Ligand code: OFO
């Protein structure tokens with residue numbers, strides 16, 4: 001059985017995952033209307049779906065442990081970006097923020113002596129390590145490219161392979 005504190009913290013995380021899904025969905029929609037970056041667009045759509053999966057996993061866990069997962073109201077995400085580079089910087093910032101929240105959840109699970117939740121959260125800890133690593137790798141590549149169009153062309157060619165390698169999917 002979840003404590004009230006643990007349940008509230010997990011419900012908060014459900015909102016964060018749902019908002020992450022929205023943030024990346026907005027990036028995907030914006031990328032989709034930019035010419036020639038179809039793989040980058042596909043990456044954002046896929047990332048948005050993954051965040052929805054993270055949210056659903058939490059919802060099922062809370063409900064299975066005798067709590068009640070609440071579906072949250074969501075903020076409208078940023079809709080447009082000055083450049084692809086800006087979008088990926090935002091993605092990294094967002095993932096770092098999510099990791100901090102996961103760490104707080106782990107901390108709460110320990111102070112509540114909720115070892116089942118602690119164990120469940122290890123999946124998210126590992127996932128955040130991968131997602132931050134991927135976001136950093138992609139940002140590094142974009143830095144190398146600078147403002148060259150040919151570099152962006154190659155980045156678009158590469159992105160799905162790089163994502164698969166880093167995430168080990
Ligand atoms: Fe839910 O993993 Fe990214 O944010």
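Numbers below:
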quantity	calculated
Failed item in (1) crowded, with 19+ Cβ neighbours inside 10 Å; (2) in a loop (DSSP other than H, G, I, E, B), with residue 73 passing the rest	(1)
Complete set of residues in the range 1-28 that are surrounded by fewer than 19 Cβ atoms within 10 Å (Cβ to Cβ), touching a residue at least 40 places away in the same chain (Cβ under 8 Å) and away from the ligand (no atom under 16 Å from the Cβ)	1, 3, 5
Test: residue 106 is part of a helix (DSSP H, G or I), within 16 Å of the ligand (Cβ to nearest atom) and without any contact (Cβ under 8 Å) to a residue 24 or more places away in the chain	yes
Candidate set from the range 29-38 (those that are surrounded by fewer than 18 Cβ atoms within 10 Å (Cβ to Cβ) and over 17 Å from residue 90 (Cα atoms)); member that is nearest to the ligand (Cβ to nearest atom)	32
Residue in the range 1-15 that is within 22 Å of residue 102 (Cα to Cα) and at pLDDT below 95 present	yes
Breaking point among (1) more than 15 Å from the ligand (Cβ to nearest atom); (2) in contact with a helix residue (DSSP H, G or I) (Cβ under 6 Å, 6 or more places away or on another chain), for residue 87	(1)
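The values are calculated or read from the model by the stated rules, or taken from the named source; none is laboratory data. Owing to the predicted nature of the structure, the values given are computational and were not obtained by experimental measurement. Note: ideal-geometry Cβ built from the backbone for every residue, glycine included; neighbour counts use all protein chains shown.
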